[in-house]
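Read the structure below first, then the notes.
The values are calculated or read from the model by the stated rules, or taken from the named source; none is laboratory data. What you see is a predicted model; the values in this text were computed from it and never measured. Please note: Cβ atoms are built from the backbone with ideal geometry, for glycine as well, and neighbour counts cover all protein chains shown. Each accessible area value is taken on the protein alone, full model and side chains, heavy atoms only, with ligands, DNA and RNA left out. Shrake-Rupley method; radii C 1.70, N 1.55, O 1.52, S 1.80 Å.
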Amino acid sequence: MTATLSRPAVRTTPTTQPRRTGSRRRLPFAKAFVTFLLLPLCVLMVFPFVWLLLTSLRPQNTVFSGPFFPHSLTGAAYANAWTSIGFPLHFWNSLWITTVTVLGVTIFATLSGYAFAKLDFPFKNVLYVLLLTTLMMPSTALIIPLYLELKSIGLLNNQGGLLILYISGSAPFSMFLMRAFFSTLPDELVEAARVDGSSELAIFARVILPLARPGVATVVIFQFLQTWNEFLMANTILQDTDKLPLQPVLFTLTGQYSTDWPTLTAGLTLSIIPVVVVYVRMQNQFVAGMTLGAVK
């Protein structure tokens, strides 16, 4: 005769969850406070662009006397800006000068950044400090020496000379960004590739560079924006009007006594389009580069 043994019932006590009512109450208040701070800032930042766009679409006699939102819109200023200053020619000048500059700076910055971050060579720290000291000199203080140097080598009033100034002047800062980014990548990847017999150029091209896409995107956006909007060097080095990029030509629309504001703002609105396109296409990589140490 078998006896059945019954197990004692295990009494379970309900687990008490910590109350977070205080944090839940504080969270909407924090969001509201942040929104309250950011909304005026957003309005302040967007207002110049909205004024620029509306001015380019309104009649000239209502720029400063009419309401903020014009009663009638017209696109005559865009047609005038397209034909009066030779917009297609100077837009093309800006486009190819900026493209070549971005490519040159990206190549020099990535190669030198990798060398300073992952390679050992004589006078490494000395050369790095010398390159960083070039960032301490304001560009306006170098205009006269650079002007005389380009004149002595026959590159004055030459777009090739302007490219040399753009690339050499922007490469140190971009190199500094890429070196900081390459330093965040593990050295074990480079050592493993070296053990497999890869050359340094193959390691750079096949292992390190694909991982550095956010840093490269950061350099591309910064350099594109800087070169596209550059005015002083281009206006000083180039005397031939047909060789000028877009920004110095747009400046000629401002008169001493009167200015055609709709035409000027229409030209400026058209000049903004490439910058917006580049940023929108690369914004994800740009944000990743900012957060992963490209500007550390």
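Taking the conditions exactly as written (touching a helix residue (DSSP H, G or I) at 6+ places or on another chain (Cβ under 9 Å), open to solvent by 60 Å² or more (accessible area, probe 1.4 Å), free of Cβ contacts under 8 Å to residues at least 24 places away in the same chain and of a type in the set (D, E, K, R)), does Arg179 satisfy them or not? Answer is no for this residue.
Per-residue answers, yes or no, for (1) farther than 30 Å from Leu201 by Cα; (2) under 26 Å from the mean Cα position of the chain (by Cα); (3) not in a loop (DSSP other than H, G, I, E, B):
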| residue | (1), (2), (3) |
| --- | --- |
| Thr83 | yes, no, yes |
| Phe91 | yes, yes, yes |
| Val100 | no, yes, yes |
| Tyr114 | no, yes, yes |
| Asp120 | no, no, no |
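Matching residues to (1) touching a residue at least 60 places away in the same chain (Cβ under 8 Å); (2) open to solvent by less than 100 Å² (accessible area, probe 1.4 Å); (3) of a type in the set (Gly, Ala, Ser); (4) under 11 Å from Thr265 (Cβ atoms):
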| position | (1), (2), (3), (4) |
| --- | --- |
| Val46 | no, yes, no, no |
| Ser56 | yes, yes, yes, yes |
| Gln60 | yes, no, no, yes |
| Leu73 | no, no, no, no |
| Ala81 | yes, yes, yes, yes |
| Phe87 | yes, yes, no, no |
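Among the residues of the stretch 196-243, count how many are polar (S, T, N, Q), within 17 Å of the chain's Cα centre (by Cα) and open to solvent by 60 Å² or more (accessible area, probe 1.4 Å). Of the residues in the stretch 196-243, 2 are polar (S, T, N, Q), within 17 Å of the chain's Cα centre (by Cα) and open to solvent by 60 Å² or more (accessible area, probe 1.4 Å). Considering only residues that are of a type in the set (A, V, I, L, M), within 26 Å of Val220 (Cα to Cα), assigned to a helix (DSSP H, G or I) and open to solvent by 40 Å² or more (accessible area, probe 1.4 Å), which ones fall in the stretch 122-165? If the condition is that a residue be of a type in the set (A, V, I, L, M), within 26 Å of Val220 (Cα to Cα), assigned to a helix (DSSP H, G or I) and open to solvent by 40 Å² or more (accessible area, probe 1.4 Å), then Leu127, Val129, Leu130, Leu131, Leu132, Leu135, Met136, Ala141, Leu142, Leu146, Ile164 are the ones that fit.
Taken together, the residues in the stretch 50-96 that are within 11 Å of Thr263 (Cα to Cα) and of a type in the set (Val, Ile, Thr) amount to 3.
Each residue in the stretch 126-141 was checked for being in contact (Cβ under 8 Å) with a residue 12 or more places away in the chain and within 22 Å of Ala115 (Cβ to Cβ), and 5 of them qualify. Of all residues in the stretch 89-102, those satisfying the criterion of being open to solvent by less than 60 Å² (accessible area, probe 1.4 Å) and among the polar types (S, T, N, Q) are Asn93, Ser94, Thr98, Thr101.
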